[in-house]
1. Assuming R0 = 30 Å, can you tell me the calculated FRET efficiency for the pair Asn52 and Ser144, based on Cβ-Cβ distance, to the nearest 0.05?
2. What order do you get for 25-31, 231-237 when each peptide is scored by the mean count of other beta carbon atoms within 10 Å, highest first?
3. Quick one: length gained pulling Ala33 to Cys274 fully straight, 0.36 nm per residue minus the C-alpha distance?
4. With labels modelled as points extended 7 Å from the Cα through the Cβ direction, what inter-label distance (nm, one decimal) is found for Tyr238 paired with Glu210?
5. At 222 nm, what helix-only mean residue ellipticity would the chain give, in deg cm²/dmol to the nearest 500, using -39500 (n - 2.57) for each DSSP H run of four or more?
6. How much FRET efficiency would the formula 1/(1 + (r/R0)^6) give for Glu202 and Arg5, where r is the Cβ-Cβ distance and R0 is 35 Å, rounded to 0.05?
7. Out of all DSSP beta bridges in the chain, what portion is antiparallel? Express it as a percent rounded to 5.
8. In percent, how large is the relative contact order of the chain, given Cα pairs closer than 8 Å and 6 or more residues apart?
Amino acid sequence: MRTNRLRLDESTFLRLRERILEASGILIGDDEAARLALERRLSARVLMHGLNSFVQYEEKLSDGELGSLLDIVAIHETYFFRESKQLRVFSDCIMKELARKSAPLKIWSAGCSTGEEAYTIAILLAELGLRPEEVVVFASDLSSRVISYGREGVYRTGSFRSSPLWYRDKYFSQAGESFWRAGDLLRGLIRFSQSNIVRSDETVSAVAAETGFDVIFCRNVLMYFDRKAVDRALKSFYSLLRQGGYLLVGHAEGLLPMTSSFRAVHFGRETVHCK
C-alpha cells in the first residue's frame, strides 16, 4: 500500500474549491468524492512544481498558477456537430433571418473549448456562402491551452464522430495519420481569444461594440456553474446581444432561470432564447 501519496486535506480542499468558484463560476461538490477527484487530478501538477503538499500549491496560485488550476478542473469534452438538431435550427432558421441584415454578422462561441464548436459554426456559415468580411465567429475560453489548440486547428479523427465526413473532406486536409487540419476558409472566419465569461472582458466588449452579437452559443458550459455565476453570465450575454439576437444553450441545461430576461423561442421541438 502506498503511504507517500499526496493528500488534499479538507480545509485546503474547501479553500481551493472557493478559489475555483470565485475565479471561474465552476462549482465543485463539497463531498468526499469531489475532494478525492480534485486530489487525484491535481497531484501530478503539485509534484511537477517540486512541492510537497497541497498547502504549498495553494500558495503558488498567487504566482500565476491559477489559470492552470482552472484548466485542470474545467470540462473540455467536445466534438464537431454536437447537438446537430439545434445546429440545423441555427443554419436553416436563424441564419435565414439574419441574412437580411446589412452589417457584418457577429457570432460568439462562449466556452469554446478546443474549438470544434467554432469550426462547426464556420462550416455552416461557409455552406451558406458567407465570407470573412460578412461574418466573424468569435471563439473564447477560460483556458489558454485549449485556445491554442483551436488556433492550431488540428483535430483527431474522433472529433468528427458525429459529423458528415464529407464536411471533413471538404474543409480539412489530412495532417498525418488520424489528424486533420482546418483550411484557410474556416480559419478566416474565426477569431480565438482567451476570455472569462463570468467577468467583464474588454476584448469581448470590443467585438460586440456598436451592433452587439447576433448569436451567442454557450452550450454545455452553464451546467457546471453555480447559480450566481449563471446569473452573471446570462446578464452579460443579454447586454452583449443586439435586440432580437439569439442565445443557444445546451440541451442538458434546459430552460433558463425564471429571473432571466430572455424569452424562449420554439422551432419545432428545439428551443432557443431571444433578447
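Taken together, the values in this text are just the output of simple stated rules run on the coordinates, not laboratory data. Please read all numbers here as calculations on a predicted model, not as lab measurements. Note that we place each Cβ from the backbone using ideal geometry, even for glycine, and neighbour counts take in every protein chain shown.
1. On the way: r = 27 Å, r/R0 = 0.91.
After rounding to 0.05, the efficiency reads 0.65.
2. Working: 25-31: 16.1, 231-237: 19.4.
Final packing ranking: 231-237, 25-31.
3. Gain on extension, Ala33 to Cys274, equals 82.9 nm.
4. Output for this residue pair reads 2.7 nm.
5. That comes out to -11500 deg cm²/dmol.
6. Working: r = 43 Å, r/R0 = 1.23.
Step by step, r from the Cβ atoms, then E = 0.20.
7. Values: 14 of 33 bridges.
Percent antiparallel among DSSP bridges in the chain is about 40.
8. 18 percent
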